[in-house]
Amino acid sequence: MGFRKPQTITREQPGAYVSGVFVPGATSTLTIQASVQPATMEDMKEAPEGRRLSDMVKMYTDADLFTVEDAGQNQQPDKLTWRGREYEIIAKGVHQMGVVSHYKYMCAVTSAEG
């Protein structure tokens, strides 16, 4: 799609316990093609309770990324860097109908940034 631009995603591999001490997984970056837009008030209503006051964006892409929901499966959520801020991917909408298949992600600014 012509509206998609290169976007940077940070991915942390699952960590592991080594001799009883947790060692975080390696961090890598990948570049995907995506359209990132500010979230509307309607989009924010669908966000989880604790995230509704955060700075949020929505992202459309073909890339299958990890979300907060994947954290329970020993995987950290991917993070989007957009306009100098880091956003955690909190929700995924799967739109794979065969015409213009894509994913819609909701992303909230990481708590460390406020």
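Numbers for the structure displayed
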read-out: Residue in region 1-38 that is most open to solvent (accessible area, probe 1.4 Å), counting only those that are in a strand (DSSP E or B) and free of Cβ contacts under 8 Å to residues at least 12 places away in the same chain; value: Y17
read-out: Among residues of region 56-79, those that are open to solvent by less than 60 Å² (accessible area, probe 1.4 Å) and farther than 19 Å from A26 by Cβ, counted; value: 9
read-out: Unique residue being at pLDDT 95 or above and of a type in the set (S, T, Y) when the list is T110, T31, T67; value: T31
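The values are calculated or read from the model by the stated rules, or taken from the named source; none is laboratory data. Just so it is clear, the structure is predicted and the values come from calculations on it, not from any experiment. Using ideal geometry, Cβ is built from the backbone for each residue, glycine included, and neighbour counts are taken over all protein chains shown. To get the accessible areas, we keep the full protein, side chains included, count just its heavy atoms, and leave off ligands, DNA and RNA. Shrake-Rupley method; radii C 1.70, N 1.55, O 1.52, S 1.80 Å.
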